[in-house]
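To start, the structure itself, in structure tokens.
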Ligand SMILES: Nc1ncnc2c1ncn2[C@@H]1O[C@H](COP(=O)(O)OP(=O)(O)OP(=O)(O)O)[C@@H](O)[C@H]1O
């Protein structure tokens, strides 16, 4: 793993007392023809600290993507609001970069060009050499220097997802929004990317909001695990604080007796207390 060189902007951490990302009384409903609105999320409150890694887990269809989409600005709340550093979020912006499960790279462009495109659209006036350097640094960050000139069709799923992570981080977002980023990967590649994400986060401390269906992934990566109740009208059921010291090592984490305590607690939440009745 290489680190980003001199072009990296050190994260400016807000004073701890200042709220960073605030989700307040967030409700989202959709109109239903000839009937009552369908309420997906109902009164979600969550404050995320700067530099925190928060995972969101919940059954399929409970509204996890809807929640993160309102942080990204792709959807607007019906009631309530999301604020980043006291500024209400009303639209997408480069301060909140999203990585989706299914790569979303432009297939006719190389890995380099895919990353360059975003940098150029946010900083059109930066000298080209500087933009090139940012791309090279971020390809190196995810171990893809050799693949710079390959197109998505020539890359494995894991490599494509690395490019997506590099592309997102290259814009120096304040919040990295990850919507099940490793969901389509095989277990070995998934573990590799978890390790890489953990290293990148440890070095750069970007604030992360990540959806996962994998409790083990959440326990390895996150500071807090937000567990959603089932929809319709899903809420935050509980938030678990994940106490393992950082930097984390998978083996050490899994050897910690608290690991199984937390894992069982989360499993009980999902499969007993809020068992899914086959929707979505
Ligand atoms: N534009 C829309 N109009 C109406 N209903 C919608 C719309 N978008 C999403 N929904 C509904 O909102 C609910 C939550 O969807 P969402 O994708 O946020 O769930 P999720 O928890 O992310 O699911 P998964 O884990 O399967 O990705 C679902 O019942 C979905 O059908």
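The values are calculated or read from the model by the stated rules, or taken from the named source; none is laboratory data. Worth saying up front: this structure is predicted, and the values here are computed from it rather than measured. In this analysis, Cβ positions are derived from the backbone assuming ideal geometry, glycine residues included, and neighbour counts consider all displayed protein chains.
Screening residue 209 on (1) within 11 Å of residue 56 (Cα to Cα); (2) out of contact with any helix residue (DSSP H, G or I) (no Cβ under 9 Å at 6 or more places or on another chain) shows it passes everything except condition (2). Look at residue 75 and say whether it is farther than 16 Å from residue 207 by Cβ and in contact with a strand residue (DSSP E or B) (Cβ under 6 Å, 6 or more places away or on another chain). When the stated conditions are applied, residue 75 does not pass them. Per the listing 216, 256, 223, the residue uniquely away from the ligand (no atom under 16 Å from the Cβ), surrounded by 14 or more Cβ atoms within 10 Å (Cβ to Cβ) and farther than 25 Å from residue 71 by Cβ is 256.
Taking the residues in the range 34-51 that are surrounded by fewer than 17 Cβ atoms within 10 Å (Cβ to Cβ) and not in a loop (DSSP other than H, G, I, E, B) as candidates, determine which candidate is nearest to the ligand (Cβ to nearest atom). The extreme case among them is 38. Here residue 31 fulfils each of the conditions (1) within 12 Å of the ligand (Cβ to nearest atom); (2) modelled with pLDDT of 95 or more apart from (2).
Is it the case that residue 152 is under 17 Å from residue 115 (Cα atoms) and touching a strand residue (DSSP E or B) at 6+ places or on another chain (Cβ under 8 Å)? Here the answer is no, as residue 152 does not meet what is asked. Listed by first and then second residue, the pairs linking a residue in the range 134-153 that is free of Cβ contacts under 8 Å to residues at least 40 places away in the same chain and on the phi < 0 side of the Ramachandran plot to a residue that is surrounded by fewer than 16 Cβ atoms within 10 Å (Cβ to Cβ) and in a helix (DSSP H, G or I), with Cβ atoms under 7 Å apart and 6 or more places separating them unless they lie on different chains, are 139/145.
For the range 270-279, the criterion of being part of a loop (DSSP other than H, G, I, E, B), modelled with pLDDT under 95 and buried (at least 18 other Cβ atoms within 10 Å of the Cβ) is met by at least one residue. Each residue in the range 236-252 was checked for being within 16 Å of the ligand (Cβ to nearest atom) and under 19 Å from the mean Cα position of the chain (by Cα), and 1 of them qualify.
Out of the residues in the range 79-99 meeting the condition of being surrounded by 17 or more Cβ atoms within 10 Å (Cβ to Cβ) and within 16 Å of the ligand (Cβ to nearest atom), tell me which one is farthest from residue 212 (Cα to Cα). Across the range 79-99, the extreme among qualifying residues is 80.
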